[in-house]
1. Does residue 62 count as buried (at least 21 other Cβ atoms within 10 Å of the Cβ), more than 23 Å from residue 191 (Cα to Cα) and touching a strand residue (DSSP E or B) at 6+ places or on another chain (Cβ under 9 Å)?
2. Scan the stretch 138-154 residue by residue and report those that are of a type in the set (A, V, I, L, M, F, W, C) and under 18 Å from residue 10 (Cα atoms).
3. Within the stretch 387-426, take every residue that is without any contact (Cβ under 8 Å) to a residue 12 or more places away in the chain and not in a helix (DSSP H, G or I) and give me the one that is nearest to residue 22 (Cα to Cα).
4. Give me a count of the residues in the stretch 1-28 that are in contact with a Gly (Cβ under 8 Å, 6 or more places away or on another chain) and not in a strand (DSSP E or B).
5. Taking the criterion of being touching a His at 6+ places or on another chain (Cβ under 9 Å), outside any loop (DSSP other than H, G, I, E, B), under 24 Å from residue 124 (Cβ atoms) and not charged (D, E, K, R), would at least one residue in the stretch 225-240 satisfy it?
6. Residues 161, 114, 92: which one is over 29 Å from residue 242 (Cα atoms), more than 11 Å from the ligand (Cβ to nearest atom) and crowded, with 20+ Cβ neighbours inside 10 Å?
7. Counting just the residues of the stretch 20-42 that are closer than 18 Å to residue 112 by Cα and within 26 Å of the chain's Cα centre (by Cα), which one comes out nearest to the ligand (Cβ to nearest atom)?
Amino acid sequence: MKKIVIVGGGAGGLALATQLGKKLGKSGKADVTLVDKNTNHLWKPLLHEIATGSLNDELDNVNYLVQAKNNYFSFKQGQLIDINREQKTIKLNNINDHQNQTIFPETVLNYDILVMAIGSTSNDFGTPGVKENCIFLDDQESAKKFRKSFLSTLFRISSGLDTKDKLNITIVGAGATGVEMTTELFKMVDTIGYYGFKKLSSELLNITIIEATDRILGALPENTAKDIHLKLEEFGAKILTKTKIVKADENHFYPEGQEPIPADIMLWTAGVKAPDFLKDIAALETNRANQLVVKSTLQTSRDEAIFAIGDCACCAKSGGGFTPATAQAAHQMAAICYKNIVALINNQPLKTFEYNNKGTIISLAHTAQGVITTIGEKQMGVKGWFASCIYTMLYRFHQISLFGIFKTLRLVSANRVYRSIRTKINME
Ligand SMILES: Cc1cc2nc3c(=O)[nH]c(=O)nc-3n(C[C@H](O)[C@H](O)[C@H](O)COP(=O)(O)OP(=O)(O)OC[C@H]3O[C@@H](n4cnc5c(N)ncnc54)[C@H](O)[C@@H]3O)c2cc1C
């Protein structure tokens, strides 16, 4: 029986493991194993909502063991550290508990087909001081850590222990994450103030967004980005474009050729790269962002037994350029990878992957704005409630791919009930 190992249970990897489990695991045609360094999956585009407490992370976390049991695949907790292509094995680091005691030793797993789906991490572009002093929204742990320390600062201000009149938050990177985080932060402080905490309103926040290029949201059409720029200013944010940060220390960002910018809280959302250990791993081809170079079938360029999907894959588009590192692309890659693995097992020809950009919506606290792509690359601007619904739909489609439509509908209504009996912001 063929052994399929998928490393990384994120937007792409978990959907793929679920589909392969149902198709090949259930019938005994293949042994499907998912490996992830964590025990639970949370859809990464929700991280800014975890950071600002507007999301109930209990209901949105998916336990890998349960998902595996329900969908005929196995789950192995472990962090991939190496690949041996000759022996067709991967090495997983040992797992330690909260007291640093090893609970699972280093392990080696065999594969016939390996899928790399380990996502990406923030890219500091080697800027001195950024790694040490900035907050990155890379995983649940960092998002929760941010929320807890931000809440402590807010409560100290409210109780008078901290006498600041203004809280300087500086965000480097005006892509979707930086923009969405800005509006969520304003909403968060207003909502906490609504529960009676003195001095807490969005007026407390001095949010500055710093962008190296000449405009925010480079991936969106210029007029949509302009509209969102104005909206951010209405919220109260200050936007500095054409400003390149060359250094950071504990309380400042240093722009090239300009005065330092003071900051009480420093967030870095200026781009992503695949994890550093992927660089040239097992002599596979990688690019400058450490992504594994794949052919149009999503097989890595130097080894047809290894596929790569999602943020850790570098996949050229037929019309030029590369597939973007988005959840939308990871889902589409998972769907083609699934078909190609089934085809490979059945000795059938493989399909080629072509990214189909369905548009980009940016969530702006209570509303949303962006573009949807209708036919080809033709774009249609959308705003407000309709845009918010489309934004939510991408997550619902992800849930449907994991649980099916009926369970997803039940989850949506459970979430509604839960929201009606808890504070609108998670204050823990
Ligand atoms: C705040 C934020 C907002 C975003 N908003 C949007 C949006 O609105 N729309 C959109 O399309 N995209 C959005 N994105 C991007 C999107 O989240 C990613 O493109 C998408 O999650 C990539 O999917 P993936 O499967 O490649 O990786 P991920 O979903 O990141 O999953 C990677 C998995 O691999 C595991 N892993 C990592 N390293 C190892 C290892 N060494 N061994 C074992 N397991 C490992 C991780 O634990 C994780 O489970 C957003 C991202 C962020 C951070």
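The values are calculated or read from the model by the stated rules, or taken from the named source; none is laboratory data. Computed from a predicted structure; not experimentally measured. Glycine gets a Cβ as well: all are built from the backbone with ideal geometry, and neighbour counts include every protein chain shown.
1. Working: buried (at least 21 other Cβ atoms within 10 Å of the Cβ): no; more than 23 Å from residue 191 (Cα to Cα): yes; touching a strand residue (DSSP E or B) at 6+ places or on another chain (Cβ under 9 Å): yes.
No: the conditions fail for residue 62.
2. 143, the sole residue that qualifies.
3. 404
4. Taking the stretch 1-28 and keeping what is in contact with a Gly (Cβ under 8 Å, 6 or more places away or on another chain), we get 1, 6-8, 10-13, 17.
Within this subset, residues satisfying the condition of being not in a strand (DSSP E or B) are 1, 8, 10-13, 17.
Qualifying residue count for the region: 7.
5. First, the residues of the stretch 225-240 that are touching a His at 6+ places or on another chain (Cβ under 9 Å): 239.
Within this subset, residues satisfying the condition of being outside any loop (DSSP other than H, G, I, E, B) are 239.
When the remaining residues are screened for being under 24 Å from residue 124 (Cβ atoms), the result is 239.
From what is left, the residues that are not charged (D, E, K, R) are 239.
For the stretch 225-240, residues touching a His at 6+ places or on another chain (Cβ under 9 Å), outside any loop (DSSP other than H, G, I, E, B), under 24 Å from residue 124 (Cβ atoms) and not charged (D, E, K, R): present.
6. Details: 161 fails: crowded, with 20+ Cβ neighbours inside 10 Å; 92 fails: more than 11 Å from the ligand (Cβ to nearest atom).
Testing whether each residue is over 29 Å from residue 242 (Cα atoms), more than 11 Å from the ligand (Cβ to nearest atom) and crowded, with 20+ Cβ neighbours inside 10 Å leaves just 114.
7. Selected residue: 35.
For (1) surrounded by fewer than 18 Cβ atoms within 10 Å (Cβ to Cβ); (2) modelled with pLDDT under 95; (3) touching a strand residue (DSSP E or B) at 6+ places or on another chain (Cβ under 8 Å), each residue gets a yes or a no:
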site: 191; (1), (2), (3): no, yes, no
site: 199; (1), (2), (3): yes, yes, no
site: 217; (1), (2), (3): no, yes, yes
site: 241; (1), (2), (3): yes, no, no
site: 249; (1), (2), (3): yes, no, no
site: 253; (1), (2), (3): no, no, yes
